[in-house]
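To start, the structure itself, in structure tokens.
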Amino acid sequence: MVDTQLIDGLGRRIDYLRMSVTDRCDFRCVYCMAEDMTFLPRQQVLTLEEIQRLAALFVAQGVRKIRLTGGEPLVRRGIVDLCAGISSLPGLRELVMTTNGSQLVKLARPLADAGVKRLNISLDSLDRAKFSAITRTGELSQVLDGIEAARDAAFQRIKLNVVVMKGRNADEVPALVDYALARDLDITFIEEMPLGNVGRSRGESFFSSDEVRAVIAQRYQLLDSTENSGGPARYVRVEGHAHSRIGFISPHSHNFCSTCNRVRMTAEGRLLLCLGQENSIDMRALVRRHPTTDEPLLAALRKSLQGKPAHHDFSADGEVQIVRFMNATGG
């Protein structure tokens with residue numbers, strides 16, 4: 001046990017930090033960003049040393065799980081060395097990562113060797129044309145090869161993430177489940193979040209977790225489970241497939257705010273207290289103003305956590321609630 005813990009104003013313990021290492025990505029997924037994106041200037045992005053320092057600060061205050069995200073974290077130069085540095089922090093239970101899988105053929109093994117315990121890999125379609133339409137610039141075969149490379153690298157768990165959208169990939173739910181179960185992988189279906197103006201109404205494409213589960217239940221016997229991976233997903237097991245879980249992340253239909261244990265650090269060092277609110281603290285400014293002492297950072301962090309919102313205000317009506325894009329937030 002640690003003597004210092006991060007507790008918000010509602011008594012929720014914060015032990016999970018999601019850190020975006022870049023807002024850049026080699027894909028342009030339709031739910032994440034606009035097709036023509038302007039990315040942050042390099043000087044506005046946290047350096048690798050600043051990310052390491054902030055990770056160490058949070059772990060010293062009781063954070064036990066760190067997830068590295070982006071954009072696409074694997075396009076950040078020096079990412080493997082950063083993983084090795086963070087994974088070695090005393091007290092950290094696990095370092096995990098979310099990736100689009102495009103770079104895993106060459107980086108899966110180095111990441112595992114650097115201490116990354118689990119991977120979440122985005123896979124929104126098994127159809128090459130649909131995959132290309134959703135990602136705009138992605139190549140399906142490259143991601144599928146990356147998934148196989150990750151399996152060979154022997155991470156503790158690999159989970160596929162699917163953002164389900166009516167009219168785009170909702171009809172592929174059974175095929176995606178079949179693909180995951182055949183490879184003993186976990187798979188999580190995510191309701192699309194209204195972050196950033198992506199040039200269309202999200203209400204038209206909303207497909208709820210309950211609808212996804214009903215589709216899967218037509219094919220498989222689902223068993224309710226109390227398992228959790230330290231994040232917002234609710235899991236079920238599948239009869240006859242002991243090594244896989246199916247998860248649902250439901251910010252609209254079954255929000256997970258009452259048990260929220262997370263904060264997010266953007267690539268430019270904004271600490272977001274809630275995915276669906278704009279409450280934040282500028283950790284980059286604090287790090288650069290106080291290069292040799294953490295006390296001012298801790299004081300500002302503890303004060304800001306007292307204002308962590310009770311819940312987000314997402315709705316499924318298609319309106320954008322938050323202007324920032326998902327790649328800027330950290331996936």
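The values are calculated or read from the model by the stated rules, or taken from the named source; none is laboratory data. Since the model is a prediction, treat every value here as computed from it, not as a measurement. No Cβ is skipped: glycine too gets one built from the backbone with ideal geometry, and neighbour counts run over all protein chains shown. Surface areas here come from the heavy atoms of the whole protein model, side chains and all, with no ligands, DNA or RNA. Shrake-Rupley method; radii C 1.70, N 1.55, O 1.52, S 1.80 Å.
Taking the criterion of being open to solvent by 70 Å² or more (accessible area, probe 1.4 Å), among the aliphatic types (A, V, I, L, M) and either over 17 Å from Ile51 (Cβ atoms) or under 17 Å from the mean Cα position of the chain (by Cα) (or both), would at least one residue in the range 260-278 satisfy it?
No, the range 260-278 contains no residue that is open to solvent by 70 Å² or more (accessible area, probe 1.4 Å), among the aliphatic types (A, V, I, L, M) and either over 17 Å from Ile51 (Cβ atoms) or under 17 Å from the mean Cα position of the chain (by Cα) (or both).
For the range 86-101, give me each residue that is open to solvent by 10 Å² or more (accessible area, probe 1.4 Å) and on the phi < 0 side of the Ramachandran plot.
Ser87, Ser88, Leu89, Pro90, Leu92, Arg93, Glu94, Thr98, Asn100
Could you give every pair whose Cβ atoms fall below 6 Å, whose first residue belongs to the range 224-238 and is part of a loop (DSSP other than H, G, I, E, B) and of a type in the set (Gly, Ala, Ser), and whose second residue is open to solvent by less than 30 Å² (accessible area, probe 1.4 Å) and modelled with pLDDT under 85, counting only separations of at least 6 or pairs across chains?
none
Quick check, is Asn255 open to solvent by 20 Å² or more (accessible area, probe 1.4 Å), modelled with pLDDT under 85 and within 30 Å of Arg42 (Cα to Cα)?
no
Restricting to the range 162-183, give me the number of residues that are open to solvent by less than 40 Å² (accessible area, probe 1.4 Å) and either of a type in the set (A, V, I, L, M) or touching a His at 6+ places or on another chain (Cβ under 8 Å) (or both).
Selection size over the range 162-183: 10.
When the residues of the range 211-222 are filtered to those that are touching a strand residue (DSSP E or B) at 6+ places or on another chain (Cβ under 9 Å) and either in a loop (DSSP other than H, G, I, E, B) or modelled with pLDDT under 95 (or both), which remaining residue is surrounded by the fewest Cβ atoms within 10 Å (Cβ to Cβ)?
The residue in question is Gln221.
From the residues in the range 26-85 that are in a helix (DSSP H, G or I), more than 22 Å from Leu111 (Cα to Cα) and free of Cβ contacts under 8 Å to residues at least 12 places away in the same chain, which one is least open to solvent (accessible area, probe 1.4 Å)?
Across the range 26-85, the extreme among qualifying residues is Gln43.
Return yes when Lys117 is open to solvent by 20 Å² or more (accessible area, probe 1.4 Å), closer than 19 Å to Lys65 by Cβ and without any contact (Cβ under 8 Å) to a residue 60 or more places away in the chain and no when it is not.
So Lys117 passes the test.
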